[in-house]
Structures are given as C-alpha cells and as structure tokens.
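Undergrad: Dropping the structure in here first, questions after.
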Amino acid sequence: MLKEFWNALTGNSGLAGGDALDLLVVLLGNPGPEHRAARHNLGFMVGEQLFGEVAGAKTIQKYRGHFWAGEIDGVRTALLFPQTFMNDSGRSVTKALEALDVGTEHLVVVHDDIDLAFGRIRVRGGGTTGGHLGVQSIADLVGTRDFRRVKLGVGRPPGWMDPADFVLAEFESHELPTVGKMVELAARAVLDLAREPFETVMSRYNGEAG
C-alpha cells in the first residue's frame, strides 16, 4: 500500500515505498506573493532551490501545504511547504508525518534564525526552538524538539526595529548575493544529511558563510 501511495504522489514507479523515504524536508515560510522575498521565507527559498534540481516537477496541494516527493541527486526526498502561515506550521507537518508513516528521524526543518549572523548556516539535531514560532508549533504538535534543523542566519535587527517587523521585511538589495549563496549552501546541507553522518555534516557547514 505504501509503495502504491508513494508512486501515485511522485508519478515515478522507480521509487520505493514510503517507508524508504530518506528525508521529509519542511521548508518554513509564509504563503502569498507579498512574503516571497521576506527574511522569514528563507525556508521556502531553500525549497525552491532543491525543487529546481528536478526538471518538470510540480507540487500538489496536500497536508495543508504544497507537497512534492521524488528523488533529488540520489536522495528520496519529500518537500513540504506549509501554507498555514508560519505560526501554525505544526498542523501541516503532523499531517504529513502521519500520512507518510515516517518518524521524526526523517524530518529536517529549514528556517531563518535572527540569532545567527547574516549569511551563515547552522545544522542542529534538536534543542530549544530559539523563539522561532514556526519551529515551536512543530515541536508542540509533533511532541518533541528532537528533529534536525538547518538554520539560515538573518542577523539581529537594528536596535530600533521590532524583530517581527525585521523578519517580515525583504532583504536589502546589497544582501541578495549573500542570500543566494547561503540558500545554495543550505540546500546542499539538507541533502548531505541523508548521505553522511550527522556530525560530519555539522562540522562541514556550521559557521559556513554564504
């Protein structure tokens, strides 16, 4: 049953059943064109980078999000872009985990981080949510904080600016080249999590600047 379900999602009879899924990658952001270029949508940007590796791929509406499953560079991957708005992301993630019948050991959440210097990424295996409400929603509804994360640094806002306004604002034009490099680096880190020991991936990417 899982194999038929997986093949129906991917349209690729060459992939194994859902129990062979390497990664469920959750890309955090807010839906709508007005949020597309915001700092808070870095997760979506990484998803688009990964999605761009697959010619002709299209998402479907599923699990309260945009969903795709298939193979990226040899990694059996499911991409989930929750469309619930950031602070309710856990509702989308729990639906996907249950339907795909995979545990949190397959889960990777990709998101922005204001406590990480702009342009840097960090791979973590759990820990606190760092005040990120999307990650908090997932932890609350999944019932654990023990899932892997790839964080992309946006840095702290200017002293006069509310952090919520800062992450919802778009990047400055001069920041865009660094954003592009950071997104590419994070996408590579996501796939490496399926191919190499966790500690190796952490050592390679933590502190790396885009």
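Undergrad: How much length, in nm to one decimal, is gained on full extension between I60 and R91, taken as 0.36 nm per residue of separation minus their Cα-Cα distance?
TA: 9.4 nm
Undergrad: Over what distance in Å are the Cα centres of the stretch 38-58 and the stretch 99-172 separated?
TA: The stretch 38-58 and the stretch 99-172 have Cα centres separated by 16 Å.
Undergrad: About its Cα centre, what dipole magnitude does the stretch 2-205 give when the only charges are +1 on Lys and Arg Cβ and -1 on Asp and Glu Cβ, stated in debye to the nearest 20?
TA: 80 debye
Undergrad: Starting from 0 in steps of 10 Å, tell me what percent of the Cα-Cα pairs of the stretch 90-210 lands in each bin.
TA: 12, 41, 35, 11, 1
Undergrad: Tell me the label-point distance for the pair E53, K181, using the 7 Å Cα-to-Cβ offset, in nm and rounded to one decimal.
TA: 2.1 nm
Undergrad: What is the diffusion coefficient of the chain in µm²/s, taking the Kirkwood radius over Cα pairs and the Stokes-Einstein relation at 25 °C with a viscosity of 0.890 mPa s?
TA: 144 µm²/s
Undergrad: Over the stretch 66-106, what per residue volume does the convex hull of the Cα atoms give, in whole Å³?
TA: Dividing the Cα hull volume of the stretch 66-106 by its residue count gives 78 Å³.
Undergrad: Also, quick follow-up: How big is the antiparallel share of DSSP beta bridges in the chain, given as a percent to the nearest 5?
TA: Percent antiparallel among DSSP bridges in the chain is about 55.
Undergrad: On to the next question. Would you mind estimating how fast the stretch 116-167 diffuses translationally, via Stokes-Einstein at 20 °C and 1.002 mPa s with the Kirkwood radius over Cα pairs, in µm²/s?
TA: It comes out at roughly 176 µm²/s.
Values in this text are rule-based calculations from the coordinates and carry no lab data. This is a predicted model, so every value here is computed, not measured. All Cβ positions, even for glycine, are placed from backbone atoms using ideal geometry, and neighbour counts span all protein chains on display.
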